[in-house]
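A short write-up of the structure that comes next.
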Amino acid sequence: MAHKAGFVSIIGKPNVGKSTLMNALIGEKLSIITPKAQTTRHRILGIVNEEDFQIVFSDTPGIIKPKYGLQDSMMTAVGGALQDADLIFFVTDINERHDENDVLEKIANTSIPLVVLINKVDNATQEQVLEKMNYWKEKLNPMHIFAISALHGYNLEGLLPLILDVIPEHPAYYDKEDLTDRHVRFFASEIIREKIFNNYQKEIPYSTEVIVTAFKEEENLTRISAEIIVERESQKNILIGKGGASLKKVGMEARKDIEKFIDSKVFLETFVKVIPDWRSKKNYLKNFGYDS
């Protein structure tokens with residue numbers, strides 16, 4: 001049997017469940033998940049390998065109208081994911097009010113096969129699901145529409161045969177042992193960032209970047225140093241907390257998850273650094289891995 005390989009790009013508004021879906025499809029937690037919108041900033045690849053196929057999923061930042069340099073870079077990542085896709089999964093929340101215009105602009109003129117995934121249907125009525133399915137059939141006329149719950153793994157089993165029907169015969173793009181195109185230190189920084197999203201409110205998570213400055217693997221221990229970048233001194237004080245308690249909590253939670261991810265004991269140290277207005281400065285964005 002000929003080998004198939006291809007790219008499936010997962011797109012949609014912020015907070016519709018794209019990261020949860022990719023993690024469910026690949027069977028590993030690669031993308032961070034929080035209840036807050038705009039958590040994903042990079043295009044993250046998750047790779048599913050079998051003997052006769054390789055599927056490369058792209059989890060992308062939620063599509064928005066950019067307001068500063070970081071968001072420009074995030075939308076550039078979405079554009080790249082659409083350009084090389086063999087199949088697009090457009091994820092929409094059952095509770096959305098048909099206000100996905102920013103997403104629809106991105107896919108309006110695409111010739112790439114499109115599948116609509118109506119997510120979070122576990123608490124929806126049959127009438128709600130049918131109304132949404134009819135709406136998207138009329139609006140986009142996609143190849144298929146699935147009503148799913150990415151969180152609970154509901155109705156995902158039909159996606160693999162569909163993908164294999166669409167992707168072309170092609171050698172594997174990545175080594176068959178690879179789960180992703182990212183290095184472990186990237187995921188360490190993402191895990192720390194996830195804990196910041198979970199532990200702080202308002203603008204703090206959105207004004208924060210995490211840079212792993214040292215990652216040293218010893219025989220029975222991995223030593224990791226990370227800088228947490230914020231934009232203002234007041235944010236630094238909030239992040240650290242009274243007597244360093246808040247930062248210590250973030251570090252403890254992150255260390256436990258990193259240990260699970262790399263299957264090794266971890267010594268994690270974190271430092272907080274202020275870089276005013278870093279989200280709008282191209283040189284810092286480039287240094288932090290955001291190429292626009």
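The values are calculated or read from the model by the stated rules, or taken from the named source; none is laboratory data. These numbers were taken from a predicted model, which means no experiment stands behind them. For neighbour counting, all protein chains shown are included, and Cβ atoms are generated from backbone atoms with ideal geometry for every residue, glycine included. Note: areas computed on protein heavy atoms with side chains; ligands, DNA, RNA excluded. Shrake-Rupley method; radii C 1.70, N 1.55, O 1.52, S 1.80 Å.
Odds and ends about this structure:
- Extension gain for His183-Met133 works out to 14.1 nm (0.36 nm per residue, less the C-alpha to C-alpha distance).
- With Cα atoms as the point set, the radius of gyration and Dmax of the chain evaluate to 19.8, 62 Å.
- Whether the range 228-292 is rounded, prolate or oblate, judged on the alpha carbon gyration tensor where a/c under 1.5 counts as rounded: oblate
- In the chain, the calculated helix contribution to ellipticity at 222 nm averages -10500 deg cm²/dmol per residue, counting -39,500 (n - 2.57) for every DSSP H run with n ≥ 4.
- For the range 175-292, the square roots of the Cα gyration tensor eigenvalues, ordered a ≥ b ≥ c, give a/c of at least 1.5 with a/b no greater than b/c, which places it in the oblate category.
- Of all accessible heavy-atom area on the range 178-234, the percent that carbon and sulfur account for (1.4 Å): 45
- When Rg and Dmax are taken over the Cα atoms of the range 88-197, they come to 17.0, 46 Å.
- Over 22 Å (Cα to Cα) - which of Lys18/Lys236; Lys202/Lys265; Lys249/Lys282; Lys260/Lys286; Lys18/Lys120; Lys202/Lys236 fall in this group: Lys18/Lys236; Lys202/Lys265; Lys249/Lys282; Lys260/Lys286
- Each Lys or Arg adds one and each Asp or Glu takes one away; over the other residues whose Cβ falls under 12 Å from the Cβ of Val91, this sums to -1.
- In percent, rounded to a whole number, the relative contact order of the range 109-256 is 15, using alpha-carbon pairs under 8 Å and six or more apart.
- Accessible surface, the range 170-292, averaged per residue in Å² (probe 1.4 Å): 57
- Length gained on full extension, Phe215 to Lys265: 16.7 nm, using 0.36 nm per residue less the C-alpha separation.
- The DSSP beta bridges internal to the chain are antiparallel in roughly 35% of cases.
- For the range 126-216, trypsin sites (Lys or Arg not before Pro) meeting the loop criterion (DSSP other than H, G, I, E, B) and having at most 11 other Cβ atoms within 10 Å: Lys176, Lys202.
- Whole-number D in µm² s⁻¹ for the range 187-226, Kirkwood Cα-pair radius fed into Stokes-Einstein, 4 °C, 1.567 mPa s: 115
- Shown are Thr60, Thr213, whose ranking by accessible area with a 1.4 Å probe and every protein chain present, most to least, is Thr213, Thr60.
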